[in-house]
Amino acid sequence: MEVLNKLYEMTAFGAIGDDPMTLVMLALALFLLYLGIGKRFEPLLLVPIAFGVLLANFPGGNMAVTPSTDIIEHMTIIEIAKEYGIMNMLYYMLIKTGLLPPLIFMGVGAMTDFGPMLRNLKLAFFGAAAQIGIFTVLISAVALGFSLKEAAALGIIGGADGPTAIYTAIKLAPHLLGPIAIAAYSYMALVPVIIPLVVKFTVTEKELKINMKEQDKLYPSKIKIKDINRTKIIFPIVLCAIVSILVPSSVPLVGMLLFGNLIKEIGSDTNRLMVAASDTIMNAATIFLGLTVGATMTAATFLDKTTLLIILGGFIAFAISIFGGIMAVKVHNLFSKKKINPLIGATGLSAVPMASRVANDIALKYDSKNHLLQYAMSSNISGVIGSAVAAGVLISFLS
Amino acid sequence: MDPNSSDIGDALVLLGVGMITVFLILALVVISGSILVRIVNKYAPEPVKKLKRASRSASGTAPEVIAAIAAVVETVTGGHGKVESIKKIEH
């Protein structure tokens with residue numbers, strides 16, 4: 001009998017029975033795995049996050065992230081690994097330090113082409129308008145009783161940029177990291193649903209039929225780029241200098257994005273660096289980011305009213321950002337002869353390139369010749385910069 | 001969680017400062033991008049490539065066929081292979 005008791009204690013059955021809420025978290029992990037694998041919702045990140053939730057919530061595995069305390073803050077990485085397990089070691093080494101989001105941004109930069117933005121520079125403004133969701137939800141969240149730091153971390157979901165949302169949460173409200181990451185990536189995966197929904201209620205059929213190429217023919221650009229390759233090499237250096245001087249707190253994100261882009265644009269001389277940034281480092285960073293963020297989500301930290309408010313607030317922030325971009329285009333069209341399709345504004349939030357592809361598909365439904373992908377990419381890429389700058393402003397004011 | 005009026009005031013300030021900063025940065029992106037394009041156009045325009053009429057090489061193979069074969073060889077050999085001559089094998 002004693003042997004059976006010891007065997008029972010060795011397994012996790014007893015611990016699961018002691019805390020039934022663990023079962024809810026395990027069910028949530030399985031649901032997220034279903035979304036990632038079955039529904040293909042951002043599988044590259046949702047699958048590691050979901051598996052991190054699974055690992056963290058099996059009692060006795062010592063894989064759940066322990067919330068930061070003074071004692072942990074003063075321990076070495078080796079001491080943390082010995083005392084709290086390897087997941088905590090990874091969390092405090094890679095996440096708490098804010099290392100992984102900039103590394104992912106470097107990879108994103110190495111896969112981003114600034115060409116569409118340089119060819120349609122004016123459209124970059126709509127990437128600014130689409131950040132309005134971040135700040136309006138910040139105000140609403142404060143009104144609901146969130147602290148300023150928590151509200152800012154929640155609002156940044158409206159930027160539709162996973163690494164930016166995670167980076168801001170790490171800096172301002174690390175205890176909300178799990179739900180914020182889940183909300184950010186879930187809504188990014190739902191871009192093909194959310195953009196058409198907002199467009200349906202805010203844009204007329206006539207506006208959706210505005211053909212960007214025809215507008216370009218009617219009102220051609222005054223400047224033609226003669227050497228796009230050289231321009232694309234110098235551009236990230238110039239942009240990095242501007243952002244570094246004006247919003248230094250956004251440099252870890254924007255600076256790494258632009259470095260990644262530079263090594264891509266230089267070409268064959270730095271090809272190995274580009275491959276490392278966009279492939280090896282990016283993939284490794286994504287795995288560790290997903291697993292450790294997932295491991296922060298235990299029943300004690302995740303199952304409360306705050307999580308529900310974050311999920312709801314994140315959706316509203318997302319929708320307002322899309323609405324803001326669309327409205328900015330509508331205002332522009334009131335005063336300009338050269339009309340712009342409001343879908344360009346809808347792509348002002350990040351979520352590159354999915355938002356652009358969705359906008360392109362909507363435009364093609366109304367006019368089979370209206371390929372606006374290249375135009376949408378301009379505001380889409382500027383949205384990445386815009387949300388990183390917004391995050392920089394929030395961090396520098398609140399941390 | 002009770003809302004604090006001073007926090008709401010701070011949030012409104014953040015709305016103003018944040019949106020102005022984002023617009024300012026992206027305005028500078030637009031302006032610096034335009035200036036950069038003008039400078040590159042003026043001082044380092046891309047050399048105009050002269051288009052040659054497609055002609056057959058000494059071996060009688062069309063240039064586009066040679067380019068296709070060279071591209072395949074480069075891909076298959078990982079950049080180590082080089083096309084020196086092309087011979088048609090009779091069956």
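The values are calculated or read from the model by the stated rules, or taken from the named source; none is laboratory data. Bear in mind that the values here come from a model prediction, so they are computed numbers and not experimental data. Heads up, the Cβs are rebuilt from the backbone with ideal geometry, glycines too, and the neighbour counts pull from every protein chain shown. These accessible areas exclude ligands, DNA and RNA; they are computed on the full protein's heavy atoms, side chains included. Shrake-Rupley method; radii C 1.70, N 1.55, O 1.52, S 1.80 Å.
Numerical summary
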{"read-out": "Top-ranked residue of the stretch A:221-240 - restricted to ones that are more than 7 Å from chain B (Cβ to nearest Cβ) and open to solvent by less than 50 Å² (accessible area, probe 1.4 Å), ranked as nearest to A:G267 (Cα to Cα)", "value": "A:K232"}
{"read-out": "Tally of residues being free of Cβ contacts under 8 Å to residues at least 12 places away in the same chain, within 11 Å of chain B (Cβ to nearest Cβ) and under 22 Å from the mean Cα position of the chain (by Cα) across the stretch A:245-281", "value": "0"}
{"read-out": "Test: residue in the stretch A:303-321 that is open to solvent by 10 Å² or more (accessible area, probe 1.4 Å) and not in a helix (DSSP H, G or I)", "value": "yes"}
{"read-out": "Neighbours by Cβ (under 6 Å, 6+ apart or cross-chain): first from the stretch A:115-140, facing chain B (nearest Cβ under 7 Å) and more than 13 Å from A:S221 (Cβ to Cβ); second surrounded by fewer than 21 Cβ atoms within 10 Å (Cβ to Cβ) and of a type in the set (F, W, Y)", "value": "A:A128/B:F23"}
{"read-out": "Every residue from the stretch A:62-87 that is among the hydroxyl-bearing types (S, T, Y) and either open to solvent by less than 70 Å² (accessible area, probe 1.4 Å) or part of a helix (DSSP H, G or I) (or both)", "value": "A:T66, A:S68, A:T69, A:Y84"}
{"read-out": "The listed residue being within 14 Å of chain B (Cβ to nearest Cβ), in contact with a helix residue (DSSP H, G or I) (Cβ under 7 Å, 6 or more places away or on another chain), within 21 Å of B:L26 (Cα to Cα) and part of a loop (DSSP other than H, G, I, E, B), out of A:S350, A:S379", "value": "A:S350"}
{"read-out": "Single residue of A:A299, A:A277, A:A285 found to be within 30 Å of A:I16 (Cα to Cα) and surrounded by 19 or more Cβ atoms within 10 Å (Cβ to Cβ)", "value": "A:A299"}
{"read-out": "A:K369 vs. criteria over 17 Å from A:L197 (Cβ atoms), modelled with pLDDT of 95 or more and open to solvent by 10 Å² or more (accessible area, probe 1.4 Å)", "value": "no"}
{"read-out": "Within the stretch A:104-144, tally of residues that are open to solvent by 10 Å² or more (accessible area, probe 1.4 Å) and part of a loop (DSSP other than H, G, I, E, B)", "value": "5"}
{"read-out": "So A:P59, is it part of a loop (DSSP other than H, G, I, E, B) and in contact with a His (Cβ under 7 Å, 6 or more places away or on another chain)", "value": "no"}
{"read-out": "Test result for A:T97, of a type in the set (S, T, Y), closer than 18 Å to A:K232 by Cβ and not in a helix (DSSP H, G or I)", "value": "no"}
{"read-out": "Restricting the stretch A:145-169 to residues that are of a type outside the set (D, E) and not in a helix (DSSP H, G or I), the residue that is farthest from the other protein chains (Cβ to nearest Cβ)", "value": "A:A160"}
{"read-out": "Enumeration of residues in the stretch A:325-341 that are open to solvent by 10 Å² or more (accessible area, probe 1.4 Å) and either touching a helix residue (DSSP H, G or I) at 6+ places or on another chain (Cβ under 7 Å) or aliphatic (A, V, I, L, M) (or both)", "value": "A:M327, A:A328, A:V331, A:L334, A:K338, A:K339"}
{"read-out": "Test: residue in the stretch A:1-15 that is assigned to a helix (DSSP H, G or I), within 17 Å of A:P179 (Cβ to Cβ) and open to solvent by less than 30 Å² (accessible area, probe 1.4 Å)", "value": "no"}
{"read-out": "A:A391, sole failed condition from (1) away from chain B (no Cβ under 14 Å); (2) assigned to a helix (DSSP H, G or I)", "value": "(1)"}
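To keep it simple, each residue is scored yes or no on (1) open to solvent by 100 Å² or more (accessible area, probe 1.4 Å); (2) modelled with pLDDT of 75 or more; (3) of a type outside the set (D, E); (4) part of a helix (DSSP H, G or I).
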position: B:E46; (1), (2), (3), (4): no, no, no, no
position: B:L51; (1), (2), (3), (4): yes, no, yes, no
position: B:A54; (1), (2), (3), (4): no, no, yes, no
position: B:S57; (1), (2), (3), (4): no, no, yes, no
position: B:I66; (1), (2), (3), (4): no, yes, yes, yes
position: B:V73; (1), (2), (3), (4): no, yes, yes, yes
position: B:S85; (1), (2), (3), (4): no, yes, yes, no
position: B:H91; (1), (2), (3), (4): yes, no, yes, no
